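Encoded as structure tokens, the structure appears first; notes follow it.
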Amino acid sequence: MCNGTIFDIKEFAIQDGPGIRTTVFLKGCPLRCPWCHNPEGLNPEPETLRSPAGERTVGERISAERLAERLNRQIPILNRAEGGITFSGGEPLLQADFILAVRARLAPVHVLLDTSGYGGTEDFARLLAAVDQVYFDLKLMDGDAHRRVTGVDNGPILANLATLAAAGVAWTVRVPLVPGVTDTADNLERIAALLATLPHPPPVHLLPYNRAAGGKYAACGREFRPAWDEALPGNPRLELFHSRHLEAILV
Ligand code: SF4
């Protein structure tokens, strides 16, 4: 039996891929983006959140069979709404075997993987063979900056991006706009330049900075310390993408 750990299942999601979707949030992420708005998804284990409203446990160990059974009940509705299932996180690549075991038990449905791209190349390739679409995040192109800000090297992310670009799976690059961190002209220029070298560049979604990001940190026993001006909206610099004939929108 294959078990995994999830921290939420969101039904009727409309921003996690085409149509109306059910999004499964897998618990655990090796990155530590200081703007992360799901801090309860970082720790791979179930944990207790404490707030003035009381305590609650976040995280559920669940078998692939049970999760697939839950999702299969929704699939007829999702298919009618031209939607599907999205695996997000946390970082779903950490639980590749579990996702594959769930996927193998699902009725026919569109499946989207929403990933930071950080994980093993073999796991990534196996997941690519089992999904219909990928949302792939790009944060910082400079290796030192990526390590300093997120705590991990961006080498594995760029290697997985190259694999994805050659795989023929529908994909979208998503860039979180963090003021003065990821939205700089240099960083967005480097992202645009990389994508423009691909034979079939993906669409690019620039994601406005989420001002609610810090809301759940205290309950998780973590500190939210933004080193940027939260009042700024994040600059999409769409011209850097459009001048290279890339399809880019602010979502
Ligand atoms: S990759 Fe996503 S889930 Fe992980 S820390 Fe960054 S924003 Fe949070």
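No lab work stands behind these numbers, since they all come straight from the coordinates. Note that the coordinates shown come from a computational prediction; the quantities given were computed from them, not determined experimentally. All Cβ positions, glycine included, derive from the backbone under ideal geometry; neighbour counts span all protein chains shown.
What does the extension gain come out to for Glu55 and Glu82, with contour length at 0.36 nm per residue minus their alpha carbon separation?
Extending this stretch completely gives an extra 6.0 nm.
List the residues, sorted by chain then number, that are 5 or more residues from Leu177 or on another chain and whose placed amide H is less than 5 Å from its amide H.
Distant-sequence amide H within range of Leu177: Leu207, Tyr209.
For Glu69 and Asp229 in one chain, what is 0.36 nm times their gap in residues minus the Cα-Cα distance, to one decimal in nm?
Taking Glu69 through Asp229 to full extension adds about 53.1 nm, to one decimal.
Based on DSSP H runs of at least 4 residues, each adding -39500 (n - 2.57), what is the mean residue ellipticity at 222 nm of the chain after dividing by all its residues, to the nearest 500 deg cm²/dmol?
Mean residue ellipticity at 222 nm (helix-derived): -8000 deg cm²/dmol.
What ranking of Asp183, Asp8 emerges when the number of other C-beta atoms within 10 Å of each C-beta is taken as an exposure proxy, fewest first?
Ranking Asp183, Asp8 by Cβ neighbours within 10 Å, fewest first, gives Asp8, Asp183.
If the only charges are +1 at each Lys and Arg Cβ and -1 at each Asp and Glu Cβ, what is the size of the charge dipole of the chain around the Cα centre, to the nearest 20 debye?
420 debye
Taking 7 Å along the Cα-to-C-beta vector as the label spot, tell me the Leu158-Arg32 distance in nanometres, rounded to one decimal.
2.3 nm
So what's the net charge close to Val58: Lys and Arg +1, Asp and Glu -1, counting the other residues with Cβ under 9 Å from its Cβ?
Net charge around Val58: -2.
Please give the FRET efficiency for Ala107 paired with His200, using the beta carbon to beta carbon distance and R0 = 45 Å, rounded to the nearest 0.05.
0.90
Based only on other Cβ atoms within 10 Å, what is the fewest-to-most ordering of Tyr217, Tyr135, Tyr209?
By the 10 Å Cβ count, ascending: Tyr217, Tyr135, Tyr209.
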